[in-house]
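Trainee: Quick one: the structure is below, questions incoming.
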Amino acid sequence: MIEYLKTYWSLKHDQRAVTALEYALIAGLISVVLVAAVGTFGSKLSGVFTSIGTTLGTAAVTG
């Protein structure tokens, strides 16, 4: 019975699981925001990177 109480007490005050859960929730929220941003601005970003790539390619050939 004493070992059970010691185990219960140590698990009750162990914050590692809570911290891991908080980090998982934060990572999930960041993932949702990134997916939404890419979905919204994906085609515009693609155009920007294509333009940059074309400009750099032209500069490399002529320079």
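Quick note: the coordinates plus some simple rules give every number you see, no bench work behind them. All values reported here derive from a predicted model rather than from experimental measurement.
Trainee: Hey, in the GNM for the chain with a 10 angstrom Cα cutoff, which one of LEU21, LEU11, LEU29 fluctuates hardest?
Mentor: Largest GNM mean-square fluctuation: LEU11.
Trainee: Would you kindly derive the ³J(HN,Hα) couplings of segment 36-50 from the backbone phi angles with the Karplus curve 6.51 cos²θ - 1.76 cosθ + 1.60 (θ = phi - 60°), listing them in order in whole Hz, with x for Gly and Pro?
Mentor: After applying 6.51 cos²θ - 1.76 cosθ + 1.60, I find 5, 5, 5, x, 7, 10, x, 5, 5, 5, 4, x, 5, 5, 5 Hz.
Trainee: Students often get this wrong, so try it: which of (1) -0.43, -0.55, -0.69, -1.06; (2) -0.49, -0.61, -0.73, -1.02; (3) -0.72, -0.78, -0.83, -0.95 is log10 I(q)/I(0) by the Debye sum over Cα atoms at q = 0.15, 0.17, 0.19, 0.24 Å⁻¹ as calculated from the structure shown?
Mentor: (3)
Trainee: Hey, what do the phi angles of segment 53-58 turn into as Karplus ³J(HN,Hα) couplings, whole Hz, using 6.51/-1.76/1.60 and θ = phi - 60°, x for Gly and Pro?
Mentor: x, 5, 4, 5, x, 5
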